[in-house]
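Okay, so here's the structure we're looking at.
The values are calculated or read from the model by the stated rules, or taken from the named source; none is laboratory data. From a predicted model like this one, the values you see are computed outputs, not experimental measurements. All Cβ positions, even for glycine, are placed from backbone atoms using ideal geometry, and neighbour counts span all protein chains on display. When the accessible area is computed, the model is the full protein with side chains, heavy atoms only, and any ligands, DNA or RNA have been set aside. Shrake-Rupley method; radii C 1.70, N 1.55, O 1.52, S 1.80 Å.
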Amino acid sequence: MLKISERIKGGKHRLLWMSKMNLKKISENIWEIPKERKMNVPGRVFASDKLMERIKEDKTLEQIKNAGMLPGIVKYSIAMPDAHQGYGLCVGGVIAFNLKNGIVSPGATGYDINCGVRLLSSEIKKEEFLKKRKEITHQIKRDVPSGVGRGGELKFTDKEIDEILKKGVKYFVEKGIGKKSDIEYCEDNGCILGANPEKISQRAKARGRNQLGTIGAGNHFLEIQEIEKIYDEKTAKVFGLKQGNICVLIHSGSRGLGHQTCSDYLKICEKEYGINHLPDRELAYAPIDSKIGKDYIEAMRASANFAFCNRHLIAHLAKKAFSKFFPKKELELVYDVAHNIIKFEEFQLNGKKTELCVHRKGATRSFGIGRKELPKKYQKTGQPILIPGSMGTYSYVLVGTEKAREISFASTAHGAGRILSRTEAKKRFSPEFVKNELEKNDVYIEAGSVNGMVEEAPSAYKDVNEVVKVSHELGIGNIVARLKPLAVIKG
Amino acid sequence: MKKYEFLPHTAEMKFRAFGKTLNQVFENSVLAISEILSRGVKIKSKKKKTIAIEGGTNENFLYNLIDEIIYLLDSESFIVSKTKIKFNEKIRRMEVVFYGDDAKNYENLDYIKSATYAEMYVKNLGKNKRWEAQAVVDV
């Protein structure tokens, strides 16, 4: 540890413990932050040397340490290869708690509850699509609302919103929007049980009411991609992915409803339990079995269901747009994954089967062969894991593994992870540069905002290829296919 | 005096606001938020919304102020241009008048997911009794 001092009020100096911390490389791609001072467990980082250089540059490691101080945390506080600084817990953070004295933390779940990814496959060939690329992209841009201050086409009453929060995707399938397989091929069947709409504030409902079926802004997008390369033929076949066909990737979350829910419960936790004992205010928490803890879990689940429905409706609108051009070729749901979420899952702990409360913030679940939670078809392979790259770069489909259950609480990475601030991206890249960069790679873009496009420039992100390589080498999510974007729609 | 400035942050937006009074530092914080949302485009002050915030520390008030702005944008499509604030420090009550416009009149807006307490402070600098506030918002 490096001690340096900072000058504070009155000319005095205060000691600061800087993030030049004790970091041990255990083996290829595995690092440890040894347990010290107030930590209950050591920290663990899954990264290559190259990714570690980036991770060291911000507060990621400090945040992993802080999470290690939380009560009831077991084994390690973990950072995934794409980790970067977040609030309280870093993005790309995975922490698990025992149910006896563990906690739930809204900040360690993330503001965008059940931010996630959905992949649709098709029998449409790349060449067929390219002939109509502009028209289709434009149609989707028109049909799927994106950007700020623009609500969706669908308006819901209070009663309907409550039903949606409780039932998830099933609500829409029952109404004739979508089909049964849309329920099956969704994490948790598009509905986390135990969701309680009454635990969501009116304020949160008001924010989300007209946002269902909208992409939003920031790093959220819809991409039309080509299945460019298959690494694992057998698994790809089960997932319905064929080289040369196109697919649609949707990245969005629970919009204002989820953000408000996180914010609401952060306040409630602070008020009830205070903040002075916390290593970081954004790590405010409540014990799992407390009234507030239970309320948050029920509200978090309701928000998660809202997000599943949001992606379901976006997919529905995209399918409709596609059907105008390819009436005989329907898009099929491959899978839908959550990457900001709390789950209760079973693990081996000290040789015993133990139920743990897992927080995944910017991390994807990785369930391997035989897991009963998966649709039958995927029990033979492991689940599809969807890793979107930054705008206009490769995305990947991975497959879940048993190894992930052993070393990473059944989790792997979720994306590329930023390396440049939005301000910095705008300083460095002109809109022309970004457009050129995309065009050079033959990507067509329809963006609501020129600035938004520059802020999300591919060069502002970590290399997604390196991220999935580490996941594959560790065996916590194995590469199945690489997807190359052909068209991007963003807010 | 500079009203506010933006500071580097990898993934989010961070700003610092200044003011001669506590009211002013809150008002200037809102100007920073408005600039993030509008991406520097001038927002017209065609509409008015009045609210009151109660209780808590100065940081709680700043957090809640940002929270209100996001709420108005999501639920009423109202985008803020500026604000008039009267903060009664003794009884911990803030009266806020937001000025702004319908968000649908603007093409190129940005979005804030949430206010956060990360690196947040609202403090009196002592010297000349100037106020300074800092916050990071989740974008």
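If you wrap the tightest convex hull around every Cα atom of the stretch A:24-68 and split its volume per residue, you get 60 Å³. Counting Cβ atoms of other protein chains within 10 Å of each residue's Cβ and taking the mean over peptide B:73-81 gives 5. From helices alone, chain A scores -9500 deg cm²/dmol at 222 nm; the rule is -39500 (n - 2.57) for each run of n ≥ 4 DSSP H residues, then divide by the residue total.
Once you've got the Cα coordinates, tell me which of B:Lys42/B:Lys90; A:Lys141/A:Lys440; B:Lys46/B:Lys129 are over 32 Å apart. Check vs 32 Å cut-off fails for B:Lys42/B:Lys90; B:Lys46/B:Lys129. Computed from protein heavy atoms with a 1.4 Å probe, the total accessible area buried between B and A is close to 3300 Å². Normalised by the number of residues in the stretch A:345-402, the mean separation of alpha-carbon contacts (under 8 Å, six or more apart) gives a relative contact order of 27 percent. Note on the stretch B:1-15 and the stretch A:262-283: Cα centroid distance 24 Å, given to the nearest whole angstrom.
Taking a 19 Å limit on the Cα-Cα distance, which of the listed pairs A:Lys132/A:Lys329; B:Lys49/B:Lys123; A:Lys294/A:Lys343 fall beyond it? From A:Lys132/A:Lys329; B:Lys49/B:Lys123; A:Lys294/A:Lys343, over 19 Å: B:Lys49/B:Lys123. Accessible area per residue for the protein assembly as shown, computed on protein heavy atoms with a 1.4 Å probe, is 39 Å².
The mean sequence separation of alpha-carbon pairs under 8 Å and at least six residues apart, normalised by the residue count of the stretch A:20-118, gives a relative contact order of 21 percent.
When all alpha carbon pairs of the stretch A:424-474 are counted in 5 Å bins from zero, the resulting P(r) reads 5, 19, 24, 20, 13, 10, 7, 2 %.
Reported to the nearest whole Å, the Cα centre-to-centre distance from the stretch A:202-222 to the stretch B:45-66 is 22. Selection among B:Phe87, A:Ile26, A:Ile230 by position relative to the dipole of the protein assembly as shown gives B:Phe87 as farthest towards the positive end (Cβ unit charges, Cα centre). Of all beta bridges that DSSP places with both ends in the protein assembly as shown, some 95 percent have antiparallel geometry. Counts of other chain beta carbons within 10 angstrom of each beta carbon in peptide B:114-121 average 6. Only lysines eight or more places from B:Lys47 in sequence, or on another chain, were considered; those with a Cα closer than 28 Å are A:Lys155, A:Lys205, B:Lys2, B:Lys3, B:Lys14, B:Lys20, B:Lys82, B:Lys84, B:Lys86, B:Lys104, B:Lys113. At a Förster distance of 30 Å, what's the computed FRET efficiency of A:Lys320 paired with A:Lys131, Cβ-Cβ distance as r, to 0.05? Working from the Cβ atoms, E equals 0.90. Computed in the context of the full set of protein chains, the accessible area of the protein assembly as shown at 1.4 Å probe radius has 49% of its extent on carbon or sulfur.
For A:Lys291 and A:Gln348, the difference between the fully extended length at 0.36 nm per residue and the C-alpha to C-alpha distance is 17.7 nm.
Mean per-residue shielding of peptide B:99-110 is 4, counting Cβ atoms of other chains within 10 Å of each Cβ.
If you model the stretch B:8-61 as an ellipsoid using its alpha carbon gyration tensor, with each semi-axis the square root of five times an eigenvalue, the axes come out at 20, 18, 12 Å, biggest first.
Solvent-accessible surface, computed for protein heavy atoms with a probe of 1.4 Å, shrinks by 50 Å² or more for the following residues of the stretch A:86-113 when the other protein chains are added to the isolated chain: A:Tyr87, A:Tyr111.
Going from the isolated chain to the complete set of protein chains, the stretch A:401-444 loses at least 30 Å² of heavy-atom accessible area (1.4 Å probe) at A:Arg418, A:Ser421, A:Arg422, A:Thr423.
Compute the accessible area of each residue in the stretch A:263-284 twice, once for its chain alone and once with every protein chain present, using a 1.4 Å probe on heavy atoms, and list those whose area falls by at least 40 Å². Buried-area filter returns A:Lys267, A:Arg281, A:Glu282. Between A:Glu355 and A:Lys179, the modelled labels are 3.6 nm apart [label points 7 Å from Cα along Cα→Cβ].
Computed across the stretch A:346-487, the Kirkwood radius stands at 16.7 Å (inverse of mean 1/r, all Cα pairs).
Largest first and in whole Å, the equivalent-ellipsoid semi-axes of the protein assembly as shown read 36, 30, 24, each the square root of five times a Cα gyration tensor eigenvalue.
Each peptide in A:434-447, A:85-98, B:23-36 gets a packing score, the mean of other Cβ atoms within 10 Å over its residues, and the list from highest to lowest is A:85-98, B:23-36, A:434-447. Peptides A:398-406, A:418-426, A:266-274, ordered by how many other C-beta atoms sit within 10 Å of their residues on average, highest first, read A:398-406, A:418-426, A:266-274.
Dividing the mean sequence gap of close Cα pairs (under 8 Å, 6+ apart) by how many residues chain A holds gives a relative contact order of 20 percent.
Start at zero, step by 5 Å, and the Cα-Cα distances of the stretch A:38-91 spread as 4, 25, 31, 22, 13, 4, 0 percent across the bins. Label zone of A:Glu466 (point 7 Å out along Cα→Cβ, amide N under 18 Å): in the stretch A:366-388 this covers A:388.
Above 23 Å, the calculated P(r) of the stretch B:20-138 contains 26 percent of its Cα-Cα pairs.
Cα centroids of the stretch A:304-376 and the stretch A:29-65: 28 Å apart.
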